[in-house]
Amino acid sequence: MHKALLIFGTRPEAIKMAPLFLELKKSKHFEPIVVVTAQHREMLDQVLKIFNIEPDFDLDIMKPGQSLEGITIRALEGLCNIIKRVNPSIVLVQGDTTTTYVGALAAFYHKIAVGHVEAGLRTYDKFNPYPEEINRKMTTCLADLHFAPTITSFNNLIKENVKKEDIYITGNTVIDSLLHISKRDYDFPPILNSIINSPLRKILVTAHRRENWDEMKNIFQAIKKLVENFDDIHIIFPVHMNPKIRFDAQNILGNNSRVSLLEPLDYEAFIHVMKNCYLILTDSGGVQEEAPSLGIPVVVMRKTTERPEALKANAVVLSGTDGEKIYDTAARLLSDKTFYLSMKKKLNPYGDGRASFRILRSLEYFFKLSSERPEDFRYDYDDNLISET
């Protein structure tokens, strides 16, 4: 039995690692062991509860006003101690957080193999997103297995001289989670029930990225203008815990009956809100991946995106952070039905819900438990999903 140490610390990581944990639990070859750094405490715990995951180790490193260097130092020391204690066969990390990079580094220091889930995403701008772009590039240098979600990610890794045989195109595990949760029956709490059941078109907003903090007023002014000019919309905005974001959101968007500034939603509530929305405005990476499976067009309020597949598939549009551009893009989607329908996808370039299964098969192949290399996930931008070896 091979010990697979899954390391994560934030809500997005937990969402994307949960289906892999569940897949590994079913395997007769692997014992999944979960370590959380709790880089983000409350939002992480929400996901663990939804998927009924009890961590084997919890570093609980989060501190008020924490710095990147503080997260790095506390996580590295704690993870090295756990790796020495567990002596896993492989360490699995996900994405591009500080926990991701430090987890891979700790494994390297102890000569343990590293599998990188969601490998190969790139913007080629080291400060956009910050610090994620550098975290994922450094993790690539340390990883032995690269689980690329798409052919674009695969090609990025090939350009960086990663060996082709070390890369597996799996699709993204976030789609596994999305499809699992979206099929559940869900009763909205009273604060959301009246909004969801109203005849107004719902627009979901998320805005939190570090590199956008100085642009939040522009973003919120654009949203305010949308509400003023379209009387058939209702904004649902779960506001990030960052004090500056909360202050600006309340100052610009508060006291409007068609703007609901909410506390952060747990993952299950968030998915079911997404299902009921007409449009999404976001600076999130994960939402760009999730929304196409639900057929919801997305305006990406960022200057760059490491997820060009959604752009190629015409499932999202990149507006940047300029308020006028955000407004113009969203307004066109609200008023131009042909444009809106051209973006309303149901097929998803990021996955088909079988990414965790492919990762498990890749691990079996790596440890010589199977003689067959698993087939890769492929997406054809003419709206056809195809799988081929």
Under 14 Å from the Cα of LYS126 - aspartates and glutamates, other chains or at least 8 residues apart: ASP96, GLU211, GLU306
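Which order do peptides 292-303, 232-243, 16-27 fall in by mean Cβ count within 10 Å, highest first? If you can, show how the numbers build up before the last one.
Values: 292-303: 23.0, 232-243: 17.2, 16-27: 21.3.
Put in order of decreasing packing, that is 292-303, 16-27, 232-243.
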Most to least packed among 115-125, 155-165, 261-271, 357-367 [average Cβ atoms within 10 Å]: 115-125, 357-367, 261-271, 155-165
Nearest 10 degrees, 0 to 90: helix 173-182 Cα axis against the chain principal axis: 50
Degrees between helix 323-335 axis and first principal axis of the chain (Cα, 0 to 90, nearest 10): 80
Principal-axis tilt of helix 355-366 within the chain, Cα atoms, nearest 10 degrees: 20
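If packing is taken as the average count of other Cβ atoms within 10 Å, what order do 207-219, 36-48, 2-14, 63-75 fall into, highest mean first?
Numbers: 207-219: 18.5, 36-48: 21.2, 2-14: 25.5, 63-75: 13.6.
So the order, starting with the most tightly packed, is 2-14, 36-48, 207-219, 63-75.
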Dipole magnitude (debye, nearest 20) for segment 189-343, charges at Cβ of Lys, Arg, Asp, Glu: 140
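Throughout, read-outs are computed from the coordinates displayed, never taken from laboratory work. None of the values given here were measured: they were computed from a predicted structure. Here Cβ is always computed from backbone atoms with ideal geometry, including for glycine, and neighbour counts include all displayed protein chains.
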